[in-house]
Every structure is written in C-alpha cells, then in structure tokens.
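Q: This is the structure I want to talk about, given as structure tokens.
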DNA sequence: GTCAGACTGTGAGCCGGAACACCGCCTGGT
DNA sequence: ACCAGGCGGTGTTCCGGCTCACAGTCTGAC
C-alpha cells in the first residue's frame, strides 16, 4: 500500500498511524513517464510533492540555455516546499528521470496540518535543515574539489540512496545519462566521461548503461575529499 | 531597545507584541569583538542566534586549510538553526566581522515556543526556505557565472542589505577584506582584486577601505547575470 | 614616529577544464 | 531490418582563473 513508502518519508516522521493515514487520505496521486516535466522554473504553483516510486531531477536553466541539476530525488523525498513557505514562483524545473508516481498536498491542506500538529512542523524543519546542510556541502565542493572529486562524491551519494550491494560490488542504477551526471556535478559531459573512464581503468568501478558498479568504495571516498 | 531590531527579524514575524516581548525575555545576550569566533565547524552546540548589531561571517574550512564563506549576516538574521533541527555538530564556523551583539536561544527553549505557537514554526520555515533558495542560487552562480559576475552579484547583495544611498552613489560598508570577499564568491584574492579594479576603471564603482561606493548599479546588475 | 604585519595592486606563467570536432555504438521507432 | 538520433568515448585547442612573486600602502602597537 502507499502508506508503506510514505511512513518512511521524513515528512511523516513522528506521526502516529492514525494521523499518517489521515494525511495520506488528503493527498492526490500523480503518475508521470520518463522525461515528463512536472513543473517549470518560474511557474506558479504551491503544491508539495512526495515521490513514492521512481526518480525525479530538480534542475535550473541559465540565461544562455545551459542546465544545472540541484538534486536527484527518490522514494520518500519531497520537493516543491520552497514555494510554500517562501511564496514565489517555482525555483526549479522538475523532470521525471524514470516513470514515477507521487503524492501531493496543496498549500492550504498543509497549512491546516501545520497549525494543529507541531510534529509535522518539526518534520518539515528537519527536512529543510538537512537540505540546507547538503546545499552548503555542494557549494563547498564546487569551490574546493576538482571535477573527478565531485564525480566520485556524486556516485557515492547516489549509491547510498539507490545502491544494491552484490558480491561483485555496489550496483547503482542511477538512470542518468552522462550528460545529466555532468549537469549534477557542474561540469561538461566530456570531462565527466574522462573522469569515469579513469576510475574504471583503475578498477574502482565498472560502467554500464545508465548505471555503475562500484568496486572500490574506499578509494572513491578518498578521491572524493 | 533590543526588541526594535528583533521585531524586524523574520524569526519574530507574525508574533504579537506580548509574545515577542516574552520571547525576547527568554533570550541571552552575547557581545563579541571583531575577529572573535562564536563557534567552530564541528563543535557541539544547539543554540540559535539572532544578530542584533554588527556583522558575522559563516565559513567552512577545507581539508587543506582553504576557507569558503557561506554568508555574511547582519542585524535581524539568524544562524545556528541547522544543529537544532537536523541534530549534529555545527556545520560552519561563525566569526564576527565587526564588533557584534546578538541574542541567543537554547534548543529546549525554542522547542517550547514551537509546540505552542504555529506562527513561530511558520517563521522558521520561511527563513529556512529563503536560505535554501539562496543557497541554490549560489550553486547556480558558481556553475554558470565567471568571477567578475559573482563579484558584481555579491556587491549588489551586500548593498541591498548594508547599503546607504547618497547622491554620489550607494555606500556599502561591507567591512570585508578583499580576501574575505574572495572567499565569499569562491575565487582567489588576486582575481577578485582585478575584477574590482576593472569595475572601478569603468566608473561603475569607487573603492574605499573595506567599503565600496556603487555608482552604476544598472551596469553591475547586467554584469552580474 | 616608526616599525611590523596585514592589506591592496599588478604582472607572468601554468594548468584544469570547457569547447569543438569527430567516431562508433546502441536503441527504439516504423 | 533498417535507419536516425541519442548517447558514449577520445584527442586537440584555447582560455579563465589560480599560483607565484613582488611592490606599494595602510594601520595599529609601542
């Protein structure tokens, strides 16, 4: 059932079963296909989404058309909160990286929950705080690390969320093209490709179609920082 | 009186006079001198601070000792929230850029306010959301803009918060050395110096000791994006 | 007043990574 | 089964910005 994934979601942290059930009931389900856009940067909109299955990418486009990905979100993670608490247009474009299903909640609905339930506010605060911490880390990486370092870090991050451990290494089906990976770490496709090829030639990982198998996580970690 | 500045602080948004007074009463005052460190990255601590006078810088240090500033905060702005909602060590070092006074609140105190007062939670949520939005902008700038563009943007940001309009331009006493400015935009001191010299030679601004006078804000804005 | 140390200004060289220019492969559509 | 377009792989060139190396200036401590 839906509630299984949602119960894991940090947004629901601290809610008892009854409350979680009620909250779920007031949410609407949305299904999209790979490549579909949920909303564009600059759009109006004040719904909060929680991914229940699949992955989406949060991206921004610069004036001259280049793209930059802020995050890849998977099951349990939410997006769209910014326009809720800091009113304004959507600050990023959200696109499905795989076929996806998610649950959404309107501003007004959420407002009702917030007022009555301090736990929900706490959950949201801790989510935002975690995101802010992560955003700050990304900034530090952009300033301090080179491209291979950022690639290594991105792979480790993806593996911690989407990785499956097997005897030949950690299989990470990230579903991203190298182009998208490059946008995620803020580098060109070519440079990322070369970094990956280099890692592979050292035996740290194996490349597969839209996925990698990490074979020497320790070395990658060392390369990342 | 203290409450004047605090009433402006977003943290207090939506509180009536009586509540604001009570909240102020439960806060402790701290005074520090230029250069003093409030706490270091990695320290334990769970107090939330609001600057009432002066400026502080939030910074991180990389493994090899280089520094990066996340933000310059002035009167009304808060810091230290991350360790509150996303428990863990302090994620940045906070240093006074000028002599400063601030008010602080402990985790437990704040918790009591949160539970009873949905407005406080809302205020915090909108603060965090705004910070997150800003952090994402910084990331985009690092990826898309060159150093002069980021310098221009940083100056405009500082001027919007600390600028005084006069007939010869907007006076911005940022109190930062060029070294600190460089750490703020993620560039070397030399490159920032050259960017500033270039802007000055074009007549867009005038350089003074730890402050600038912006004379052509329009051009700077155009250069920034 | 003077001396030390921190801050600002500027040139020269070098290097990481972006841009460009290909090629081959694979995948999905008809 | 075929073809086209997207994706992955790689060498070459070129430029922004970091590093290094100084010189000049300002500030505050004694």
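The values are calculated or read from the model by the stated rules, or taken from the named source; none is laboratory data. Model, not experiment: these values are computed from the prediction. When we count neighbours, we look across all protein chains shown, and the Cβ atoms used for this are built from the backbone with ideal geometry, even at glycine.
Q: Can you tell me which residue is nearest to residue B:84 (Cα to Cα) among those in region A:125-150 that are in contact with a strand residue (DSSP E or B) (Cβ under 6 Å, 6 or more places away or on another chain) and within 16 Å of DNA strand C (Cβ to nearest atom)?
A: If we take residues in region A:125-150 being in contact with a strand residue (DSSP E or B) (Cβ under 6 Å, 6 or more places away or on another chain) and within 16 Å of DNA strand C (Cβ to nearest atom), then A:140 is nearest to residue B:84 (Cα to Cα).
Q: Considering A:15, A:82, which residue is out of contact with any strand residue (DSSP E or B) (no Cβ under 9 Å at 6 or more places or on another chain) and away from chain B (no Cβ under 11 Å)?
A: Selected residue: A:15, the only one of A:15, A:82 that is out of contact with any strand residue (DSSP E or B) (no Cβ under 9 Å at 6 or more places or on another chain) and away from chain B (no Cβ under 11 Å).
Q: Do we have any residue at all in region B:61-71 that's within 15 Å of the chain's Cα centre (by Cα), within 24 Å of residue B:177 (Cβ to Cβ) and within 16 Å of DNA strand C (Cβ to nearest atom)?
A: Among the residues of region B:61-71, at least one is within 15 Å of the chain's Cα centre (by Cα), within 24 Å of residue B:177 (Cβ to Cβ) and within 16 Å of DNA strand C (Cβ to nearest atom), which makes the answer yes.
Q: I'd like the residue in region B:119-132 that is at the interface with chain A (Cβ under 8 Å from one of its Cβ atoms) and surrounded by 18 or more Cβ atoms within 10 Å (Cβ to Cβ) and, out of all such residues, is modelled with the lowest pLDDT.
A: B:121
Q: Please go through region B:176-194 and give me each residue that is near DNA strand D (Cβ under 8 Å from one of its atoms) and in contact (Cβ under 8 Å) with a residue 40 or more places away in the chain, ordered by number.
A: B:186, B:187, B:191, B:192
Q: Residues that are in a loop (DSSP other than H, G, I, E, B) and without any contact (Cβ under 8 Å) to a residue 40 or more places away in the chain: does region A:27-41 have at least one?
A: No, there is no match, as no residue in region A:27-41 is in a loop (DSSP other than H, G, I, E, B) and without any contact (Cβ under 8 Å) to a residue 40 or more places away in the chain.
Q: Against the condition in contact (Cβ under 8 Å) with a residue 60 or more places away in the chain, on the phi > 0 side of the Ramachandran plot and away from chain B (no Cβ under 14 Å), how does residue A:45 come out, does it pass?
A: Judged against the criteria, residue A:45 is not a match.
Q: Pull up region A:81-98, narrow it to residues that are at pLDDT below 90 and part of a loop (DSSP other than H, G, I, E, B), then point me to the one that is surrounded by the fewest Cβ atoms within 10 Å (Cβ to Cβ).
A: Top of the filtered list is A:87.
Q: Among the candidates A:186, A:203, which residue alone is at positive phi and surrounded by fewer than 16 Cβ atoms within 10 Å (Cβ to Cβ)?
A: Of the residues listed, the single one that is at positive phi and surrounded by fewer than 16 Cβ atoms within 10 Å (Cβ to Cβ) is A:203.
Q: Cβ-Cβ under 6 Å, sequence separation 6+ or interchain: first residue in region A:135-148 and at pLDDT 95 or above, partner within 11 Å of DNA strand D (Cβ to nearest atom) and part of a helix (DSSP H, G or I). Which pairs?
A: A:142/B:142; A:147/A:191; A:147/A:195; A:148/A:195
Q: When region A:1-25 is examined, which residues are found to be more than 23 Å from residue A:86 (Cβ to Cβ), in contact (Cβ under 8 Å) with a residue 40 or more places away in the chain and in contact with a helix residue (DSSP H, G or I) (Cβ under 7 Å, 6 or more places away or on another chain)? So that I can check it myself, show each step before the final result.
A: Keep residues of region A:1-25 that are more than 23 Å from residue A:86 (Cβ to Cβ), which gives A:1-8, A:14-22, A:24-25.
Now narrow it down to the ones that are in contact (Cβ under 8 Å) with a residue 40 or more places away in the chain: A:2, A:5-6, A:8, A:14-15, A:19, A:24.
Listed by number, the residues that qualify are A:2, A:6, A:14, A:15, A:24.
Q: Within region B:136-148, track down each residue that is surrounded by fewer than 22 Cβ atoms within 10 Å (Cβ to Cβ) and within 8 Å of another protein chain (Cβ to nearest Cβ).
A: Those that are surrounded by fewer than 22 Cβ atoms within 10 Å (Cβ to Cβ) and within 8 Å of another protein chain (Cβ to nearest Cβ): B:139, B:140, B:142, B:143, B:144.
Q: Where residues in region A:153-183 are over 17 Å from residue A:95 (Cβ atoms) and surrounded by fewer than 14 Cβ atoms within 10 Å (Cβ to Cβ), which of them is farthest from the other protein chains (Cβ to nearest Cβ)?
A: A:167
Q: Taking the options B:45, B:59, name whichever one is surrounded by 14 or more Cβ atoms within 10 Å (Cβ to Cβ) and within 17 Å of residue B:184 (Cβ to Cβ).
A: Working: B:45 fails: within 17 Å of residue B:184 (Cβ to Cβ).
Exactly one of B:45, B:59 is surrounded by 14 or more Cβ atoms within 10 Å (Cβ to Cβ) and within 17 Å of residue B:184 (Cβ to Cβ), namely B:59.
Q: Can you pull out the residues in region B:200-211 that are touching a residue at least 24 places away in the same chain (Cβ under 8 Å) and within 13 Å of DNA strand D (Cβ to nearest atom)?
A: B:210, B:211
Q: Could you list, in sequence order, all residues of region A:53-71 that are touching a strand residue (DSSP E or B) at 6+ places or on another chain (Cβ under 7 Å) and more than 19 Å from residue B:133 (Cβ to Cβ)?
A: Once the filter is applied, which keeps residues that are touching a strand residue (DSSP E or B) at 6+ places or on another chain (Cβ under 7 Å) and more than 19 Å from residue B:133 (Cβ to Cβ), region A:53-71 yields A:53, A:54, A:55.
Q: So, one more: Does region B:92-116 hold any residues that are facing chain A (nearest Cβ under 9 Å) and either closer than 18 Å to residue B:82 by Cβ or in contact (Cβ under 8 Å) with a residue 12 or more places away in the chain (or both), and which are they?
A: B:92, B:111, B:114
Q: While we're on this one: Report, by residue number, each residue of region B:5-18 that is in a helix (DSSP H, G or I) and over 18 Å from residue B:104 (Cβ atoms).
A: Those that are in a helix (DSSP H, G or I) and over 18 Å from residue B:104 (Cβ atoms): B:17, B:18.
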